[in-house]
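Enquirer: This is the structure I have questions about; it appears just below.
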Amino acid sequence: MEYTVMLPAAGSGRRMGAGENKLFLPLAGKPILARTLSVFQQDPDCAGIILAVRPDERDRIREMLADHGITKVTAMPDGGGERQDSVRACVRAFMDSGSADDAVVMVHDAARPFLSRRVIRELAETVREHGAAIAAVPSKDTVKQVADGVVEDTPDRSTVWLVQTPQAFRAGLLAEAEEKALSEGFLGTDESMLVERLGHPVRVVESTYDNLKMTTKVDLAIGEALLKRQEEME
Ligand code: CTP
Ligand code: MG
């Protein structure tokens, strides 16, 4: 099932504390961004990649694409101040290129290099029928809602899922959700929230626990261990 992926890559990586965009950091010798791009480059169902970048990193990223044989990038819009702004820039680039409303698009954090092809496939199939589908895993921990250091509520753990990317949508639906959020000044932490606000149901596809977002130093250590395990299994 053909899809286009939108990768927000215009963050600063503040929590990683590397002094530069964390996506340039190597994971077992290959930059995080190049690893994520390679997954989509190698997936025959992926028709194109739209990459939101910081203007001052554009040249460096172009070089990375060439170095790693990434040929599917069709647009590199400027990212914005918030992740949602960067994703909206990708959505606009896609719609402005005359793409169909019912095309399948996925939004995926450039900082998650360990996504699985099985999950991508299931998301694309689910979107064809239902319009919106997100990758998530059941919470292993009990989740509490806390205010001022005091527990307010404990949702039943069997109903709690931890949400990741990719998040997949019919293009027209995502574009409508993004523009509505912008006009109402709503800032979400994922694309699903914006689509939920339209009243459109969002399906959940069970993903894998190793689809980690490289956020702090400990994630790099876990990432290296995951790659080592993969090598040993090959
Ligand atoms: N991102 C983006 N534009 C922004 C902020 C984030 O494109 N204004 C991207 C990041 O590059 C990353 C993804 O969104 O691929 C997920 O964001 P996150 O993990 O929070 O990365 P950063 O914002 O870079 O990190 P931090 O929040 O620690 O500064
Ligand atoms: Mg961030």
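The values are calculated or read from the model by the stated rules, or taken from the named source; none is laboratory data. In this text, all values refer to a predicted model and were calculated from it rather than measured experimentally. With ideal geometry, Cβ positions are generated from the backbone for all residues, glycine too; neighbour counts draw on all protein chains shown. Ligands, DNA and RNA are stripped out before the accessible areas are found, and what is left, the full protein with its side chains, is counted by its heavy atoms. Shrake-Rupley method; radii C 1.70, N 1.55, O 1.52, S 1.80 Å.
Enquirer: Hey, in the GNM for the chain with a 10 angstrom Cα cutoff, which one of Asp141, Asp45, Asp59 fluctuates hardest?
Expert: In the Gaussian network model the winner is Asp141.
Enquirer: By accessible area of protein heavy atoms, probe 1.4 Å, what ranking do Ser97, Ser38 get, highest first?
Expert: Greatest to least solvent exposure: Ser97, Ser38.
Enquirer: Here is a follow-up. Given the DSSP H assignment, sum -39500 (n - 2.57) over each helix run of at least 4 residues in the chain and divide by its residue total; what's the result at 222 nm in deg cm²/dmol, nearest 500?
Expert: -11000 deg cm²/dmol
Enquirer: Still on this model: Which loop trypsin sites (Lys or Arg not before Pro) in the stretch 126-234, with loop taken from DSSP, have no more than 13 other Cβ atoms within 10 angstrom of their Cβ? Walk me through the numbers before you get to the answer.
Expert: Working: sites: Arg128, Lys140, Lys144, Arg157, Arg170, Lys180, Arg197, Arg203, Lys213, Lys217, Lys228, Arg229; in loops: Lys140, Lys144, Arg197, Lys213.
Taking the stretch 126-234 and a limit of 13 other Cβ atoms within 10 Å, the loop trypsin sites (Lys or Arg not before Pro) found are Lys140, Lys144.
Enquirer: To the nearest 20 Debye, how big is the dipole of the chain about its Cα centre, given +1 on the beta carbon of each Lys and Arg and -1 on that of each Asp and Glu?
Expert: 500 debye
Enquirer: Same structure again: Taking the convex hull of the alpha carbon atoms in the stretch 174-233, what volume per residue do you get, in Å³?
Expert: It is 110 Å³ per residue.
Enquirer: Share of the chain's accessible area from carbon and sulfur, percent, 1.4 Å?
Expert: 48 percent
Enquirer: How much net charge surrounds Ser12 when only the other residues with a Cβ under 9 Å from the Cβ of Ser12 are counted, with Lys and Arg +1 and Asp and Glu -1?
Expert: Summing Lys/Arg as +1 and Asp/Glu as -1 gives +2.
Enquirer: Still on this structure: Just to confirm, what accessible area per residue do you get for the chain at 1.4 Å probe, in whole Å²?
Expert: 49 Å²
Enquirer: I would also like to ask the following. Provide Rg and Dmax in Å for the stretch 54-208, with only Cα atoms included in the calculation.
Expert: My reading of the Cα-based Rg and Dmax gives 17.2, 51 Å.
Enquirer: Taking 0.36 nm per residue of separation and subtracting the Cα-Cα distance, what length does fully extending Asp210 through Lys140 add?
Expert: Length gained between Asp210 and Lys140: 23.9 nm.
Enquirer: Using a Förster distance of 22 Å, how high is the FRET efficiency between Leu198 and Ala100, based on the Cβ-Cβ distance and rounded to 0.05?
Expert: Efficiency at R0 = 22 Å is approximately 0.70.
Enquirer: Here is a further query. Running a GNM on the chain with Cα contacts under 10 Å, which residue among Ile222, Ile49, Ile120 ends up with the highest mean-square fluctuation?
Expert: Most flexible of the set in this elastic network: Ile222.
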